[in-house]
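The values are calculated or read from the model by the stated rules, or taken from the named source; none is laboratory data. All of these numbers come straight from a predicted model, not from anything done at the bench. Note that we place each Cβ from the backbone using ideal geometry, even for glycine, and neighbour counts take in every protein chain shown.
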Amino acid sequence: MGQLQEFDRQVIDQLRQAQVIEDMSREGLDLSRGVIVIRCPDGDQMLDRIEHDRQTAIAAGVTPRIHLITHHGGCMVVAPDSSFYPGRGIDEYVLEQIREAEALKEIHLVLAEIHAPCGKAASLGLTLVHQIVLQMAAKPRIKAVDPTNKVLCRIHVDFADGRKRTYFISRAKWLAFWDAQGRALWGHLFEPLMMETCDPSDTQRAPN
Ligand SMILES: [Zn+2]
């Protein structure tokens, strides 16, 4: 079981200071119909994450309805040209699962998650920055399943000191941060090919 890498912890600190990631708030969220959650199945984290969403629903005065779509890589598998399971059609499979979940359960709030430390991401040599870039690239495809759905991106972190936290990450703020600081800080982490396909400052900007 991996520990949170120091680099990834610093990324979280920097993004929190820049208010790109913030503590999850239910303000403005309609949880009454439940949530579709796309995430890694990590057995060491699942109970904490389900309990978080259960308590959030209860605090909002609604019955928890947590509809999981789970596979290694979570939302990152639907990023264009994702390095997760290339050529296996998993992106279309997951998009179909979202479509079905919405139709079967009438849930219109989709939570697209990544987490750290993520064993699958680590096995591919990805840092948290790579994970965020893939998550941000995945969001427009998830939104396109039904543009009337609300799609939010989250990061679950298991800190080395035992704290576990769920954060919200704004795509609009991430893109602005990337232009202002991120590319200079972390652009070197990306191969030229990946920058072409997954550049977070590309033209596919969707509203947050
Ligand atoms: Zn994972």
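The rows are residues; the columns are (1) in a helix (DSSP H, G or I); (2) within 14 Å of the ligand (Cβ to nearest atom); (3) at pLDDT below 90.
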site	(1), (2), (3)
30	no, no, yes
47	yes, no, no
61	no, no, no
64	no, no, no
72	no, yes, no
77	yes, yes, no
86	no, no, no
94	yes, no, no
- Query: Looking at 107, 114, 38, which is the one that is assigned to a loop (DSSP other than H, G, I, E, B) and in contact with a Gly (Cβ under 7 Å, 6 or more places away or on another chain)?
  - Reply: 107
- Query: Does residue 80 satisfy the criteria of being surrounded by fewer than 19 Cβ atoms within 10 Å (Cβ to Cβ), touching a helix residue (DSSP H, G or I) at 6+ places or on another chain (Cβ under 8 Å) and within 19 Å of residue 128 (Cα to Cα)?
  - Reply: yes
- Query: Within the set of pairs 6 or more residues apart or between chains, which connect a residue that is closer than 18 Å to residue 37 by Cβ and hydrophobic (A, V, I, L, M, F, W, C) inside region 113-126 to a residue that is near the ligand (Cβ under 8 Å from one of its atoms) and modelled with pLDDT of 95 or more with Cβ atoms less than 7 Å apart?
  - Reply: 114/74; 118/40
- Query: Within region 54-68, is there a residue that is polar (S, T, N, Q) and closer than 22 Å to residue 165 by Cβ?
  - Reply: yes
- Could you please find all residues in region 127-146 being within 14 Å of the ligand (Cβ to nearest atom), surrounded by fewer than 21 Cβ atoms within 10 Å (Cβ to Cβ) and either among the hydrophobic types (A, V, I, L, M, F, W, C) or farther than 20 Å from residue 188 by Cβ (or both)? none
